[in-house]
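Remarks on the structure that follows.
The values are calculated or read from the model by the stated rules, or taken from the named source; none is laboratory data. Treat the numbers as computed from the prediction; the structure is a model and nothing was measured. Using ideal geometry, Cβ is built from the backbone for each residue, glycine included, and neighbour counts are taken over all protein chains shown.
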Amino acid sequence: MRGATFNMKLYNRLHPPLLSSPPPVSLLHRARFTVSAARLDQLPAPTTAEVCFVGRSNSGKSSAINVLTNQRRLAFSSKTPGRTRLINLFGIPDPLAPDAWLGFLVDLPGYGYAAVDRAARDEWAEVLGGYLHERASLAGVVLLIDIRRGVTDLDRRLARWIALRGLPTLALLTKADKLPYGQRIQAAARARKDLADIGTLTALPFSATHRIGLDEAAAHIENWISPQAVP
Ligand SMILES: Nc1nc2c(ncn2[C@@H]2O[C@H](COP(=O)(O)OP(=O)(O)OP(=O)(O)O)[C@@H](O)[C@H]2O)c(=O)[nH]1
Ligand SMILES: [Mg+2]
């Protein structure tokens, strides 16, 4: 057996360990609060990719932003519907040019909040519709739908706005921790059918509290912000 001694160095070169380095940290974790706007004309010039979070009030938009950015209270989440009243932009710094933003996550006020008076509701519909319709830098839409409630008429109306622009959409079926696995899958299939208006649609069960669907959602969003990050 002389000459057949095991050469550890050579073995390591030929079989590099699969987990030699830790998985890369999501770009989204770098997000920082940048600006709040009450109207479209208060938004910064549309220079870099934006990913907006839309959905009914209380559907979990702010909670999703917090878990995706790995920050407890970046966006304000609350049991009281209608918590987010402004358009809030969270900037992702460019790792290669720290003074520049690679993109923004945009937390929008929810719709369908009955306790808001009619004038306020109309104003918000206009801001939301205007944002979705006109914002030149919009790279993708994250549509949040409470998995137990399913797609509502208001969600479908919004889907039509999104369809007009042909924007890629990620539907997150939030609070998926509240349903057993089989029902989650059924709900995702139903949502895909109900949102057939939107051409480029992915629908995933998601939970901010139980981190369900988190990696897949993050990969989607990173890809919209920085297409070279995820092939
Ligand atoms: N169980 C569970 N609760 C959640 C989840 N996501 C959000 N919630 C709860 O749902 C409530 C609303 O969450 P928010 O993130 O504030 O919802 P929002 O869509 O930002 O609401 P508005 O700003 O009012 O439009 C809060 O009490 C959250 O703790 C989840 O994945 N699982
Ligand atoms: Mg909110």
The one condition in (1) in contact with a helix residue (DSSP H, G or I) (Cβ under 8 Å, 6 or more places away or on another chain); (2) within 12 Å of ligand 1 (Cβ to nearest atom); (3) not hydroxyl-bearing (S, T, Y) that I65 fails to fulfil: (1)
Among (1) closer than 29 Å to L43 by Cα; (2) under 18 Å from the mean Cα position of the chain (by Cα), the one test that R192 misses: (1)
Filtered residue count, segment 95-124, keeping only those that are within 24 Å of P44 (Cα to Cα), assigned to a loop (DSSP other than H, G, I, E, B), touching a residue at least 12 places away in the same chain (Cβ under 8 Å) and among the aliphatic types (A, V, I, L, M): 1
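In this structure, does F104 turn out to be closer than 18 Å to V51 by Cβ, buried (at least 19 other Cβ atoms within 10 Å of the Cβ) and within 15 Å of ligand 2 (Cβ to nearest atom)?
Numbers: closer than 18 Å to V51 by Cβ: yes; buried (at least 19 other Cβ atoms within 10 Å of the Cβ): yes; within 15 Å of ligand 2 (Cβ to nearest atom): no.
No, not satisfied.
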Test: residue in segment 160-174 that is surrounded by 13 or more Cβ atoms within 10 Å (Cβ to Cβ), within 13 Å of ligand 1 (Cβ to nearest atom) and not polar (S, T, N, Q): yes
Residue match in segment 99-112 (condition: more than 10 Å from ligand 1 (Cβ to nearest atom), modelled with pLDDT under 85 and not acidic (D, E)): no
Subset of segment 43-76 [within 9 Å of ligand 2 (Cβ to nearest atom) and in a loop (DSSP other than H, G, I, E, B)]: S57, N58, S59, G60, A75, F76
Boolean, N70 is farther than 23 Å from Y111 by Cβ, modelled with pLDDT of 70 or more and either of a type in the set (S, T, N, Q) or surrounded by fewer than 17 Cβ atoms within 10 Å (Cβ to Cβ) (or both): yes
Qualifying residue in segment 9-22 (condition: closer than 28 Å to W161 by Cβ and either surrounded by 11 or more Cβ atoms within 10 Å (Cβ to Cβ) or modelled with pLDDT under 90 (or both)): no
Residue pairs meeting the criteria (Cβ under 6 Å; at least 6 apart or on separate chains; first more than 25 Å from S207 (Cβ to Cβ), in segment 41-63; second within 16 Å of ligand 2 (Cβ to nearest atom)): L43/A37
Filtered residue count, segment 144-191, keeping only those that are part of a helix (DSSP H, G or I), charged (D, E, K, R) and under 25 Å from G130 (Cα atoms): 6
